Each structure stands twice: as structure tokens, then as C-alpha cells.
Amino acid sequence: MGICPWCKRDQSEILGTKPDGVTLYKCQICGLIFQSGNKADKMHYTRDYYEKDFGNQEKQQIRYQLVQYITGGFKGISSVLDVGCGAGLFLEKVAKSCPKATGLDKSPWSVDICKAKGLEIYNEQLETFYPKEKYDLVTAWEVVEHIEDLRSFLNSVKKIMSDIGIFMLSTPNVSSYRAKKYGLEWKGFCWRHEHLCYFSAPVLECMLKEIFTENQVQFVEFDWRSEDTLVAIVKNNKETFSDKPQKALFVGRTNGLEVPGGDMVQLFNTKIAIEKRGFTVDVSLSALPALNFNYDVIHQFGLSHAEAVDQFFHLEDKCDHAVLSPIYWNPDETKRSTEEIAEIAKQSKNLSELKEILGLYGQGKVMIEGLRNYSYLYEKMREERHDLISKVKHFLPNSYAEMHELRRDFGLFRSAYTVVPNAVDVDLFLNADPSWFVREYGIKDFVLCAARLEPRKNQLMLLLAMQETALPCVIIGRSQVPEYAELCHRYAPSGTVFLDNIPQDLLASAYKAARVHALVSWSETTGLSSLEAALGGCSIVVSDRGPTWEYFGDMAYYCDPGNINSIRDAVLQAWENHFDERQASLRELIVKKYTWDKAAECTLQAYKKVTRSKTGSYVNDDRMYVIRAQERKTSLCLRLGDAKKIAIFGASLTGRECYESALEGGLEVKFFLDNSPARQGTSFLGLPVYSVDYIVRPGAEEVDAVILASAGYHEEMARQLIELGCRKPLVRP
């Protein structure tokens, strides 16, 4: 029979026959794909069926991670109901973050297993479940495709959602690239005989909006191994911003849920923040995104991950307004240095020899021969990413230094950009309670590093530097490179505590319990955990690579990531001076400048710039237009009045023009300011180049005005100087 289980009409076409002999239909009214008969066969739901997924911890961890991201770390969530909870693997994780976690399952075997774990579970169908209280979060992982009466099921969910409730369901994604490529041979069709229906995002959206008439509906899609998953999210949000809210698609790396990181924190927290301002945001973590809802903006997070180019060009014709948060720093030094250190560690006979050789390495006295040359690979990577970058309408770097890095590596000059500062959840990390972490692990006042356990994060050098200091160490982060993790465990000081990823609220407690946080990475675009830890009360040790000075100024302790002595000295200084005014000043700075509200404001400014720019205005013919440029000189003297001594913000081509114009007008240029760490501390046109905050430091050379030497970003430069407290006249050439 071809009667649609949703429309209840017999207006369906035969899609084909699956390898198991079951016929698939597609409704011509609503688009739902369903199988013949459309009745759940109880023969599929044996004990063996439930036991197949009982050990699938990885999948449950991914679901738990996604819920953490969507809810902002279970913020405001006091009760959870997991429908079809199976063996309770997901429920176990939720119970650690939520006061009330309840499960439903129709399998008596599942109920017995969950009760043995001490979980609250009921052997009932959702439609006959009548709880005394409503739930803040209802989840149904891979359940909806098994349901005979979809309307009854969704209406039952609606009845038990609280006023702030969220409903999250997952199902195989019938719109995925692999589903389209393999057709009836797609694993989503072949994986389960008991699946009655198959959903695309547009079909599911129509169904959900019919039931949840006043609610936001959003989607997340992701690939996990050979599975294509679509997650629908319904929020009981009573706020209405406009009749037609703007819609964005956020795109990130495909293993973003399996391997959490700062880029995913940035992506999902930006999503939450701009949704408060009227946007609706879907998320694709698929190698070839399938979501397509006529987005106003497509926002890609990350330039360096392997699938970034494929994702971008797959979406190129879906939206005219593509923006990129590059989260980029040149990888050359990182790759070379991490391989050299790993090779030294492998060949050292003992700890004493390792420390001796690494001591020489930090002084530049060790040469490693025979390592693989990656220059061809990096050149190829740059070529591929240059093609992507050339299509981007607007860049959203986390710092001015990051934008300079992009310009240098990819030959960008007049690219439009808006600096969007990285941010932290102020409420979570400022007001955390240290006692939770202390109770769990029995340790307080320690050196903490919260980051993925991998060579770029450089935990091995930190642990070696901590040898013989007697300072307790805690390393929090999932291991991604087993060989590197083994080295870290081997050479860690006695008593070092290694923890996998922990819930955000427990991490916040860890920051409060720690005394020093050390992130001595070879490269970071910010180092999100450093911001979080500083807000939690830690003294901060950071690498002198990347844009760290732009964020932390003189309120952090800096080290050379390749020098054990430098790392040790920085940590000891941070430990001894923990109670000085630096820490309090940094905390105040973060609360003022590095919040998700601030990041959302900057993000939406960028969206406005790119969406209001005229499209389709390019000349599209074969003629060559030749325009002879007139000689141009920058005139400064008329705008400076009585000023005689000036500084120039921007050690660049425009800065050179301003310098030459100043000399012609009889002005004295005292120094240059620049955001790039690569230029700070050097000279340009024979004059010193300082970081931007030099202008407000005690003892700085006096000048009468600052010239903003830019190719079009005078407002951003002026805002940066004003926020630093500069009160000198700022002049645009």
C-alpha cells in the first residue's frame, strides 16, 4: 500500500525496492519516504536487537556533546526525558549534568539494565506516559523512524515540554550526499529492516511546524563513520523577532562532535548568541552539506581542516553571502617543531638525557636530520585554500594578528574583514564552585592545562618543565595521538592527573580549583581555555606565538614553547604571583571585551556589511579595460593643525605613503604601531614598530597625533585605540 503515514493519502509514487525486498514509496504531497505496510514488526525487537547498541559508547558521547553545545552546557536544564533510552548510556551521562534524568523504553530488557544502574526508567510508550511535571529537554535518538503514528508521537512530546523546553530528535538523513549517491543501496535504507519512514530536513521541518506552531525549528547534520545523521531541534521560545527571521548556515569540521575543540565552542556559542538577536541558525558538520533552506548567510568556521575546501565549494552556489572565520595560524613551525621534539623524545634513553637534549634544542643547538619534508604538502594546501579564500566575501578573524597572517600566507591585500573576538560564558566560568572538582578528584591548587592532548598543544614540554618543581599538575583533554599521549604519560611528574573531556560545568569548577593555567601551544588563534581559566581565577601562562599579546597584554606570563626553562620560569612566576593585580585586571578585561554578546554584535555587523553589498555588479565580458592611475599623494598636514610629532598605526604600504607625506610636510614620525607580532619589535623605514598598546604605556614617546594608515579599516583601528584608553587625535589620511 502507498498510503502516506503523515498525510493519510494514497498519492505516492514507488521509489524502488531495497536490497531486502521492501518497497519504498515517496508521498507526492509532503515528500515523506516510507516503506510498504508501514507497520512495526515486533519480530525485529528481540533482546538481540537491543543488545547490539548497548556498547556503543562513542555514539552516545557524540549525542551528549551535541546536547551540551545546543544547551550551552545544560544551562537552565533541570529535567531530561530520553525516549527510547535503550541501555541508558546517554542517560548515564546526562544524569551527571542534570538533577532529574528519566528514560522511557518499551523493552523490558532495557528497563532491567537501566534500573540496575540506578537510573529512573519506565517501561512505557510515550503516548501513554503521564508525568507529574514537564521536562526542559526531551530527546529521541533514532526513534522517529520507528513510529507508526507520527502525529500522536509529536503531540505527546509537545504536551510534556516545559515553557523553556527543547526537543531534540535524530534520524538517518535521506538528503545526505551519500543517500543521493547510492540510492536504494544507501546504508540508511539497508541498515535497519524495522525503519518505517525516512526523513529529509524540509519534510521534517513541515511536520514539526505543523505540530509545534509557535516554536523555532533548527537542524544539525553530521557524518559519523558511514552514518549520515540529521538532528532536528525544537525550542519553546516565545520571543518573536520578526515575521521572517534571517537564517544562517554554520559549517564546521566533520569530527567536531567526536573531537571537541575551541572551534566548536566558538561555532555553537555564536549560534546561541545570534539566535537571541533574531537569527535562526542551522549547523552542518558534513563533508558535503545537504541542508539547503535559502540561507541569508553561510558562515564557515575553520580554514585548516581537511574537508574545508570541499564544504565551501559544495555550498558555493547555495548563497551569495559566504563569510569565513578562518581560525588560522601558519602551520609550518608547529609541524616542524612538534616532529623534532617527538623524534628527540623517542630516541632519548632516559629522562635525564631527554631534558639535556631539549635544553640544547631550546637554545637552537640541535639539528634533526632525515625528517620528512612537508613543504610540497603545505604548498598544495595553500593552493587549495587560496581558491576558497578568493571566493570569500568577508573574513571574521579572532584578531588583527590572525588577519595579518592570512594576508601574508595567501597574498591578500584589500580583503574585507571584521575582527570578532573569541569569547567565554561569563556566568559559567566566573561564578563556578571549586568544591565540585575538589570532591571528585581530591586536588586543589595545581597547574592545569585544558586542551586536546596533541603535539600542537605541547603538553609534553609543559610536563617536562614541571619535573622537579613539586607543583601538582592536571591535564584535561581527549587524546588524539596515542603515541604522543604515551610520551606525556611516560614523562609526566609523579602524581600528574590525566582526565578525558569533562562536562563544561565540571571544567569551570576545575578552573576555580586550579592556581595556574598553562597553554604553551605552538600555535593558537586565541587559546579559548586561557580566557576561560582567567575568568575562573587562574594566573595565565601562554606561548609567545600567535596573537596572545593582543588578547592578554601584560596580564599574562609568556614563554617560548620550544624552551623548557622558559616554560618553567613562566609557570613559577605565575604561581608565585597568583594574588597580584594582574589576575584581577585580566578578569575585568574579559568581562568587558570577551563575551559571546560582544562576539554576536561583531558577527552581525559583518553579516550586515556582506548582505548589503551589491551583488551581480561585476563586469562579465571579454573586453579589457585599461585605466591609467594618476599620481596620488597622501596629504596629512592640512588635517593635523599644530601637530608636529606623530605615530603611524600600520607598518604597511599605506603606512609608507603616510610616512613619505609626513616628511614632505615637515612632520616628525616617532614610531609605528602594528597588530602583527611578526612586526612588533622590528623596525620599519628605520623606525621602531611597537604593539598598539605601547601608545598608552607609561614612558612611551610623546606624540601629538596618531595616523590610521589603513586600506579601509579606520573605524576598527580607532575603536581599538579608544578601548585602550588613547586620547590623542586619531587622523585618517
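Which numbered condition trips up Ser479, out of (1) crowded, with 24+ Cβ neighbours inside 10 Å; (2) closer than 30 Å to Leu406 by Cα; (3) touching a Leu at 6+ places or on another chain (Cβ under 6 Å); (4) not charged (D, E, K, R)?
Among (1) crowded, with 24+ Cβ neighbours inside 10 Å; (2) closer than 30 Å to Leu406 by Cα; (3) touching a Leu at 6+ places or on another chain (Cβ under 6 Å); (4) not charged (D, E, K, R), the lone unmet condition for Ser479 is (1).
With the condition kept exactly as written, say whether any residue in segment 584-594 is assigned to a helix (DSSP H, G or I), in contact with a Gly (Cβ under 9 Å, 6 or more places away or on another chain), modelled with pLDDT under 95 and buried (at least 20 other Cβ atoms within 10 Å of the Cβ).
Taking every residue of segment 584-594 in turn, at least one turns out to be assigned to a helix (DSSP H, G or I), in contact with a Gly (Cβ under 9 Å, 6 or more places away or on another chain), modelled with pLDDT under 95 and buried (at least 20 other Cβ atoms within 10 Å of the Cβ).
Before we move on, is Tyr558 under 17 Å from Leu460 (Cα atoms) and surrounded by fewer than 24 Cβ atoms within 10 Å (Cβ to Cβ)?
no
Of the numbered conditions (1) in a loop (DSSP other than H, G, I, E, B); (2) of a type in the set (Gly, Ala, Ser); (3) crowded, with 16+ Cβ neighbours inside 10 Å, Ala401 satisfies every one except a single condition; which is it?
(1)
Quick one: Glu316 ticks every box in (1) out of contact with any strand residue (DSSP E or B) (no Cβ under 6 Å at 6 or more places or on another chain); (2) over 30 Å from Lys457 (Cβ atoms); (3) assigned to a strand (DSSP E or B) except a single one, so which number is it?
(3)
Would you confirm, using the coordinates I've provided, whether His386 is modelled with pLDDT under 90 and surrounded by 12 or more Cβ atoms within 10 Å (Cβ to Cβ)?
Considered against the rule, which asks whether it is modelled with pLDDT under 90 and surrounded by 12 or more Cβ atoms within 10 Å (Cβ to Cβ), His386 comes out as yes.
Scanning for something crowded, with 22+ Cβ neighbours inside 10 Å and out of contact with any helix residue (DSSP H, G or I) (no Cβ under 7 Å at 6 or more places or on another chain), does segment 414-429 turn up at least one residue?
No.
Please return the ranges of strands (runs of 3 or more DSSP E) entirely within segment 98-172 where 2 or more residues are buried (at least 19 other Cβ atoms within 10 Å of the Cβ) and of a type in the set (Asp, Glu).
Strands (runs of 3 or more DSSP E) meeting the threshold: none at all.
Does Phe268 meet the test of being modelled with pLDDT under 90 and either assigned to a helix (DSSP H, G or I) or surrounded by fewer than 17 Cβ atoms within 10 Å (Cβ to Cβ) (or both)?
Spelling it out, it is not the case that Phe268 is modelled with pLDDT under 90 and either assigned to a helix (DSSP H, G or I) or surrounded by fewer than 17 Cβ atoms within 10 Å (Cβ to Cβ) (or both).
Mind checking which pairs have a first residue in segment 83-99 that is in contact (Cβ under 8 Å) with a residue 40 or more places away in the chain and a second that is among the aromatic types (Phe, Trp, Tyr), Cβ under 7 Å, 6 or more apart or different chains?
Gly84/Trp141; Phe90/Tyr64; Phe90/Trp141; Ser97/Phe74
If you scan segment 271-291, which residues turn out to be part of a helix (DSSP H, G or I), β-branched (Val, Ile, Thr) and surrounded by fewer than 23 Cβ atoms within 10 Å (Cβ to Cβ)?
Ile272
Every residue in segment 1-22 that is free of Cβ contacts under 8 Å to residues at least 24 places away in the same chain and either surrounded by fewer than 15 Cβ atoms within 10 Å (Cβ to Cβ) or within 13 Å of Glu185 (Cβ to Cβ) (or both), please.
Lys8, Arg9, Asp10, Gln11, Glu13, Ile14, Gly21
What about Arg719, is it under 21 Å from Lys644 (Cβ atoms), of a type in the set (Lys, Arg) and exposed (fewer than 14 other Cβ atoms within 10 Å of the Cβ)?
No, not satisfied.
Residue under question is Arg407, and the condition is that it be in a helix (DSSP H, G or I), of a type in the set (Lys, Arg) and outside the structural domain of Thr548 (by TED's automatic domain parsing); does it hold?
Answer is yes for this residue.
It is to be established whether one or more residues within segment 218-228 are basic (Lys, Arg) and surrounded by 14 or more Cβ atoms within 10 Å (Cβ to Cβ).
No; the residues of segment 218-228 include none that is basic (Lys, Arg) and surrounded by 14 or more Cβ atoms within 10 Å (Cβ to Cβ).
Six or more apart or on different chains, Cβ atoms under 7 Å: show the pairs whose first residue is in segment 496-523 and within 18 Å of Arg456 (Cβ to Cβ) and modelled with pLDDT of 95 or more and whose second is buried (at least 24 other Cβ atoms within 10 Å of the Cβ) and among the aromatic types (Phe, Trp, Tyr).
Close Cβ pairs (under 7 Å, with a partner that is buried (at least 24 other Cβ atoms within 10 Å of the Cβ) and among the aromatic types (Phe, Trp, Tyr)) amount to His517/Tyr511.
Considering only residues of segment 23-42 that are of a type in the set (A, V, I, L, M), modelled with pLDDT of 90 or more and more than 38 Å from the chain's Cα centre (by Cα), which is surrounded by the most Cβ atoms within 10 Å (Cβ to Cβ)?
Going through the qualifying residues, I end up with Leu24.
Residues are listed down the side, and each one gets a yes or a no for (1) touching a helix residue (DSSP H, G or I) at 6+ places or on another chain (Cβ under 8 Å); (2) among the acidic types (Asp, Glu); (3) over 26 Å from Tyr361 (Cα atoms):
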| position | (1), (2), (3) |
| --- | --- |
| Lys512 | yes, no, yes |
| Leu519 | yes, no, no |
| Glu524 | yes, yes, no |
| Leu531 | yes, no, yes |
| Met555 | yes, no, yes |
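Looking only at segment 524-541, count how many residues are more than 18 Å from the chain's Cα centre (by Cα) and either in a helix (DSSP H, G or I) or without any contact (Cβ under 8 Å) to a residue 24 or more places away in the chain (or both).
So the count comes out to 3.
Gln68 passes all but one of (1) part of a helix (DSSP H, G or I); (2) out of contact with any Leu (no Cβ under 7 Å at 6 or more places or on another chain); (3) within 30 Å of Asn431 (Cα to Cα); (4) without any contact (Cβ under 8 Å) to a residue 40 or more places away in the chain; which number fails?
Among (1) part of a helix (DSSP H, G or I); (2) out of contact with any Leu (no Cβ under 7 Å at 6 or more places or on another chain); (3) within 30 Å of Asn431 (Cα to Cα); (4) without any contact (Cβ under 8 Å) to a residue 40 or more places away in the chain, Gln68 violates only (4).
One line per residue, one yes/no per condition, for (1) under 29 Å from the mean Cα position of the chain (by Cα); (2) assigned by TED's automatic domain parsing to the domain that holds Asp544; (3) in a loop (DSSP other than H, G, I, E, B); (4) buried (at least 17 other Cβ atoms within 10 Å of the Cβ):
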| site | (1), (2), (3), (4) |
| --- | --- |
| Arg439 | no, yes, no, no |
| Met461 | yes, yes, no, yes |
| Ala465 | no, yes, no, yes |
| Glu468 | no, yes, yes, no |
| Tyr484 | yes, yes, no, yes |
| Leu487 | yes, yes, no, yes |
| Ser494 | no, yes, yes, no |
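Name the single residue, out of those in segment 704-727 being in a loop (DSSP other than H, G, I, E, B) and touching a residue at least 60 places away in the same chain (Cβ under 8 Å), that is farthest from the chain's Cα centre (by Cα).
Asp704
Among the residues of segment 693-703, write down those that are modelled with pLDDT of 90 or more and either aromatic (Phe, Trp, Tyr) or buried (at least 18 other Cβ atoms within 10 Å of the Cβ) (or both).
Scanning segment 693-703 gives Tyr694, Ile695, Val703.
The values are calculated or read from the model by the stated rules, or taken from the named source; none is laboratory data. From a predicted model like this one, the values you see are computed outputs, not experimental measurements. Neighbour counts are summed over all protein chains in view; Cβ atoms, including those assigned to glycine, are modelled from backbone coordinates with ideal geometry.
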